[in-house]
Amino acid sequence: MGRCRTAFNAYSVKFSPFFEGRIAVATAQNFGIIGNGKQHVFEMTPAGGMVEVAQYDTADGLYDCAWSEANENVLVAASGDGSIKVYDTALPPHANPVRGFKEHRHECCSLAWNTSKRDLFLSSSWDDTVKLWSLTAPASLRTFTGHTYCVYHVAWNPQQPDVFLSASGDTTVRVWDLRQPAPTLVLPAHAYEVLAADWCKYNDCLLATGSVDKSIKLWDVRVPGREMAVLAGHSYAVRRVLFSPHAGNLLLSCSYDMTVKMWDTASPQAAQGLPLRSWDHHTEFAVGIDFSSLREGMVASAGWDESVWVWDQRGFPSP
C-alpha cells in the first residue's frame with residue numbers, strides 16, 4: 001500500500017482510531033542512543049502513497065506514541081528525557097506541543113490509551129514504574145511500582161477497562177487492576193528480559209509475551225504456572241507482539257532479526273515455529289508494528305532503517 005521515509009530511526013507506528021489512512025510515527029536520532037527526535041503524522045493518498053501532514057521536533061529521541069481515543073487530533077509521544085509530549089494536529093506546528101508531563105526519572109518508552117475510559121492513558125519507563133494520566137489532570141493520577149528493572153511495555157485489557165499489563169526487563173509481566181493497590185498477578189514469563197506483551201482482543205484471559213530469548217509465549221492468566229504455547233520462529237529478540245483487533249487467533253510480531261511475522265495462534269504449526277506469514281522488507285531492526293482497527297487486514301511496521309511500511313496482511317509490502 002505504501003512506504004514513507006523518516007529522517008531518524010523509527011521506533012513506533014500507530015494507526016489513528018478515527019481516520020483510516022492516518023498514522024503516527026515516533027522516531028529517534030542515532031538509534032535512540034543520543035540526539036533529537038521527530039514525531040511524524042502521515043496520511044495515505046487515494047493512489048496508495050504516503051504524505052506527511054505534520055512533523056514535530058524534539059530535543060530528545062521519541063520511543064513510542066499513542067493516539068487519543070477521545071479527540072481525533074490529539075496524540076502523545078514518549079521522550080528520552082522521561083517526558084510525555086501532547087500534540088494537537090489541528091493546530092499549527094509552532095503551537096505544539098500543547099502540553100508536557102515530566103515525572104519519569106528516566107526514558108519514557110511506552111504509551112497506551114484506554115479505549116473504554118477514554119480520558120485515561122498509561123506510560124512506562126526505564127525508571128521501573130508505570131504511571132496513569134488524564135489530560136484533564138495537572139499531574140499523574142497514580143504511580144505503579146514493583147518492577148525491579150525497566151518497564152518496556154504497557155497494554156490495557158480490551159474487555160476490562162480497569163485492567164492492564166506491564167512487561168519488564170526483570171523477566172516478569174505484571175497484571176494490574178486500577179481498583180487494587182498491588183498487582184493481581186506477577187507472571188515469571190521468561191528467563192530473560194520481556195520486551196513486549198499484549199492481550200487477546202477476544203479473550204480477556206489470554207496474553208502473549210515477547211522476549212530477548214527470541215521466543216513468544218502464550219499465557220492464560222487463570223493458569224499462570226505454565227505457558228500455553230511457545231512460538232520460536234524469530235532468530236533475535238522479539239521487540240513487539242500485537243493481537244489483531246479483527247481475529248482472535250492472529251498475532252503480529254517484529255524482531256531485531258529485521259522480520260515481521262504473522263502467527264495463527266490456533267494452528268499447530270505456530271508451536272513448531274512456523275508463522276502464517278513472514279516479511280523481511282526492513283534492512284535494520286524492526287521495532288514497531290500496528291493493526292488498523294478501521295480497515296481489516298491493514299498492518300504497518302517501522303524500523304531502524306528509517307522506513308515505515310503499510311500493507312495488506314494477505315500480500316507483501318511495496319514502495
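Listed by chain and number, the lysines whose alpha-carbon sits under 22 Å from that of residue 85, ignoring those within fewer than 8 places in the same chain, are 14, 38, 102, 117, 131. Given their separation in residues at 0.36 nm each and the Cα-Cα distance between them, residue 178 and residue 205 gain 8.0 nm when the chain is fully extended. The calculated Kirkwood hydrodynamic radius for the stretch 98-160 is 12.0 Å, given to one decimal from all distinct C-alpha pairs. Only protein heavy atoms count here; under a 1.4 Å probe, residue 227 has an accessible surface of about 60 Å². Which translational diffusion coefficient, to the nearest whole µm²/s, is obtained for the stretch 153-220 from the Stokes-Einstein equation, given a Kirkwood hydrodynamic radius over C-alpha pairs, 10 °C and 1.306 mPa s? Here the translational diffusion coefficient equals 135 µm²/s. Counting only protein heavy atoms and a 1.4 Å probe, the chain has 39 square angstrom of accessible area per residue. If the chain linking residue 159 and residue 264 were pulled fully straight, counting 0.36 nm for each residue of separation and taking away their Cα-Cα distance, it would gain 35.7 nm.
By the compact-protein rule of thumb, 2.2 N^0.38 Å, the alpha-carbon radius of gyration of the stretch 11-81 corresponds to a ratio of 1.11.
Within the chain, all pairs of alpha-carbon atoms sorted by distance into 20 Å bins from zero give the percentages 36, 61, 3. Projected onto its three principal axes, the C-alpha set of the stretch 222-264 covers 33, 26, 14 Å, listed from the longest axis down.
Counting only protein heavy atoms and a probe of 1.4 Å, the accessible surface of the stretch 146-280 is 53% carbon and sulfur.
Partner aspartates and glutamates whose Cα lies under 14 Å from the Cα of residue 261, excluding those fewer than 8 positions away in the same chain, are identified as 280, 290, 312. Dipole of the chain computed with +1 at Lys/Arg Cβ and -1 at Asp/Glu Cβ about the Cα centre; of 156, 137, 300, farthest Cα towards the positive end is 156. When the label point is put 7 Å from the Cα of residue 59 along its Cα-to-beta-carbon vector, which residues of the stretch 18-39 have a backbone N closer than 11 Å? Counting backbone N atoms under 11 Å from the label point, the list is empty.
Using only Cα positions of the stretch 1-146, each an equal point scatterer, no hydration layer, compute I(q)/I(0) via Debye at q = 0.14, 0.18 Å⁻¹ and quote the log10 values to two decimals. Values returned for q = 0.14, 0.18 Å⁻¹ are -0.62, -1.01.
In this simple spin-label model, placing a label point 7 Å from the Cα along the Cα-to-Cβ direction at both residue 98 and residue 141 gives a separation of 1.9 nm. Could you compute how fast the stretch 177-319 diffuses translationally, taking Rh as the Kirkwood radius over C-alpha pairs and applying Stokes-Einstein at 10 °C with viscosity 1.306 mPa s? Give it in µm² per second. Rounded, D is 103 µm²/s. Based on Cα atoms of the stretch 79-187, Rg over Rh with Rh as the Kirkwood radius reads 0.98. What list of ³J(HN,Hα) couplings, whole Hz, do you get for the stretch 248-255 from phi and the Karplus terms 6.51, -1.76, 1.60, once you set θ to phi - 60° and write x for glycine and proline? Each residue of the stretch 248-255 in turn: x, 9, 9, 10, 9, 9, 9, 8 Hz.
The values are calculated or read from the model by the stated rules, or taken from the named source; none is laboratory data. These figures come from a predicted structure and were not determined experimentally. As a convention, Cβ positions derive from the backbone with ideal geometry for all residues, glycine included, and neighbour counts pool all protein chains shown. Just the protein is used for accessible areas: all its heavy atoms, side chains included, with ligands, DNA and RNA removed. Shrake-Rupley method; radii C 1.70, N 1.55, O 1.52, S 1.80 Å.
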